[in-house]
Amino acid sequence: MSFVDRLHERMARLNTRLCVGLDPRPEWHPAGVDLWTHCSSVLEACAEYACAVKPQVAFFEAQGLAGMETLHRVLQLAKALEIPAIIDAKRGDIGSTAEAYANAWLRGENGGSALTVAPYMGRDTIQPFLDAAKEEGGALFCLVKTSNPGAGDLQDLPTPEGTVAQWVAGWTRAFNGEGEGYGPVGAVVGATRPSELALFRSLMPRSVLLLPGVGAQGGKPADLAPAFHEGGRGAVVAASRAVEYASRGQDYAEAAARSARDLRDAINAAIGC
C-alpha cells in the first residue's frame, strides 16, 4: 500500500488522527536516558494512539553522527511497528540537488515514507520529490500555511491567484490531479490558524492536511474540525512537545502515552469520531 493508504488504514483501525512528533532535546532527558532510549520508549508507548510519527530531522542532526544514526533506528522502529513515518526535513532546492535530497529521504530504506518539502523556490523544485514519492509509494507534505507567527510575512502576500499560500495550494491541487481519494501531495497548514482551515480544505480536496502546532504553539483540537472530511479522513494533527515531553521525569514514556491518548480523544471529540 502507498503511504496515504497505510495512513488511512491505521487511522480507521485505531480510530486516531494523532501524529506523534519526535523533537528530541537531550538536555530535557532524565539522567541516564540517552537519545535512542528516549525516542524508542516514547514511540513504543504511544504507538496505539498514533496514526503516524514525525521525527524532526534538525533535532537529530544537532546531535551529530550519533543523532543521525538514532534517526535511522527510529525510522526502522516505526517500520517494525507499522507506523507511517513523516520525515520532517523541509527540504527544497533546484534541479539535481532536489533530486539528491529526494533520493536520500524518499528512496532506499526510506521508500514509502513521507517528507515535508519547502516549495518557495518555485513549482519546478517539487517535481524531483514528487517523482520519487510516486515511484516508491511515498508522499509529500508541502509547506502551504505554516504555524509560526511570522508565516504571513511571505505567505499572505497577494498574487494573481490569491495569497502566496493560496497559490502554492493551487500547485498542490494540480500535482494531485482530479479523481477520487487522496493523492501523494499533502499540505502543511498550521493548527494555529483555525479560521483558515476550511479555505485550505476546499482549495486542496485531494490533499491530506498535516496540522502542526497543537500544544506548545497554542493550537487546540477543538478548533480543527474544518480540516477534516466526513468520517475523520483527510487530515492528521501533529503534536510533539505536548506528547514527547509531557514529563521530563523518569515516567516520561508513561506520561507521553497519557498525553497521546488524551489528544487522540480530544481530536475525535472535535470531529465526532
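The values are calculated or read from the model by the stated rules, or taken from the named source; none is laboratory data. On a predicted model such as this, the values are computed, not experimentally measured, just so you know. Backbone-built Cβ (ideal geometry, glycine too); neighbour counts: all protein chains shown. Note: accessible area is taken over every heavy atom of the protein model, side chains too, but ligands, DNA and RNA are not part of it. Shrake-Rupley method; radii C 1.70, N 1.55, O 1.52, S 1.80 Å.
In region 101-144, which residues are touching a Lys or Arg at 6+ places or on another chain (Cβ under 6 Å), open to solvent by less than 20 Å² (accessible area, probe 1.4 Å) and not hydroxyl-bearing (Ser, Thr, Tyr)? First the steps, then the outcome.
Step one: list which residues in region 101-144 are touching a Lys or Arg at 6+ places or on another chain (Cβ under 6 Å), which gives 101, 116-118, 132, 136.
Those still in the list that are open to solvent by less than 20 Å² (accessible area, probe 1.4 Å) too: 116-117, 132.
Listed by number, the residues that qualify are 117, 132.
Going through 188, 168 one at a time, which residue ends up being within 18 Å of the chain's Cα centre (by Cα) and closer than 30 Å to residue 37 by Cβ?
Numbers: 168 fails: closer than 30 Å to residue 37 by Cβ.
That would be 188, the only listed residue that is within 18 Å of the chain's Cα centre (by Cα) and closer than 30 Å to residue 37 by Cβ.
If residue 26 meets every condition in (1) under 24 Å from residue 254 (Cβ atoms); (2) open to solvent by less than 20 Å² (accessible area, probe 1.4 Å); (3) not aliphatic (A, V, I, L, M) apart from one, which number is that one?
(2)
Looking only at region 84-97, filter to residues that are surrounded by fewer than 22 Cβ atoms within 10 Å (Cβ to Cβ) and of a type in the set (A, V, I, L, M); which one of those is nearest to residue 43 (Cα to Cα)?
89
Take region 218-272 and flag every residue that is open to solvent by 60 Å² or more (accessible area, probe 1.4 Å) and in contact (Cβ under 8 Å) with a residue 60 or more places away in the chain.
233, 241, 248, 250, 254, 261 - these are the residues of region 218-272 that are open to solvent by 60 Å² or more (accessible area, probe 1.4 Å) and in contact (Cβ under 8 Å) with a residue 60 or more places away in the chain.
If we keep just the residues of region 106-115 that are touching a residue at least 24 places away in the same chain (Cβ under 8 Å) and farther than 8 Å from residue 132 by Cβ, which is farthest from the chain's Cα centre (by Cα)?
From region 106-115, those touching a residue at least 24 places away in the same chain (Cβ under 8 Å) are 106-107, 109-115; that's our starting set.
Going one step further and asking which of them are farther than 8 Å from residue 132 by Cβ, we end up with 109-115.
Values: 109: 19, 110: 15, 111: 16, 112: 14, 113: 11, 114: 8, 115: 8 Å.
Going through the qualifying residues, I end up with 109.
With the requirement that a residue be assigned to a helix (DSSP H, G or I) and of a type in the set (D, E, K, R), what does region 20-44 give you? Quick ask: steps written out before the conclusion?
First pass over region 20-44, keeping only residues assigned to a helix (DSSP H, G or I): 26-28, 35-44.
Passing the criteria: 27, 44.
Filter region 169-183 down to residues that are open to solvent by less than 30 Å² (accessible area, probe 1.4 Å) and either part of a loop (DSSP other than H, G, I, E, B) or basic (Lys, Arg) (or both), then give me how many there are.
Number satisfying all stated conditions: 2.
Say whether the condition of being crowded, with 16+ Cβ neighbours inside 10 Å and among the hydroxyl-bearing types (Ser, Thr, Tyr) is met by at least one residue in region 47-64.
Yes, the conditions are met somewhere in region 47-64.
Only residues that are touching a strand residue (DSSP E or B) at 6+ places or on another chain (Cβ under 9 Å), hydroxyl-bearing (Ser, Thr, Tyr) and in a helix (DSSP H, G or I): list them for region 233-273, please.
Matches in region 233-273: 259 only.
Restricting to region 220-232, what's the tally of residues that are within 24 Å of residue 114 (Cα to Cα) and either within 15 Å of the chain's Cα centre (by Cα) or part of a loop (DSSP other than H, G, I, E, B) (or both)?
Step one: list which residues in region 220-232 are within 24 Å of residue 114 (Cα to Cα), which gives 221, 224-232.
Restricting the remaining residues to those that are either within 15 Å of the chain's Cα centre (by Cα) or part of a loop (DSSP other than H, G, I, E, B) (or both) gives 224, 227-228, 230-232.
Within region 220-232, residues that are within 24 Å of residue 114 (Cα to Cα) and either within 15 Å of the chain's Cα centre (by Cα) or part of a loop (DSSP other than H, G, I, E, B) (or both) number 6.
Which ones in region 65-83 are among the polar types (S, T, N, Q) and surrounded by 21 or more Cβ atoms within 10 Å (Cβ to Cβ)?
We begin by selecting, within region 65-83, every residue among the polar types (S, T, N, Q); these are 70, 76.
The one that is among the polar types (S, T, N, Q) and surrounded by 21 or more Cβ atoms within 10 Å (Cβ to Cβ): 70.
Say whether the condition of being touching a Pro at 6+ places or on another chain (Cβ under 8 Å) and within 23 Å of residue 19 (Cβ to Cβ) is met by at least one residue in region 94-102.
The answer is yes; a qualifying residue exists.
As an exercise: evaluate residue 207 against (1) outside any loop (DSSP other than H, G, I, E, B); (2) among the polar types (S, T, N, Q); (3) buried (at least 22 other Cβ atoms within 10 Å of the Cβ) and give the number of the one condition it does not meet.
All conditions pass for residue 207, except number (1).
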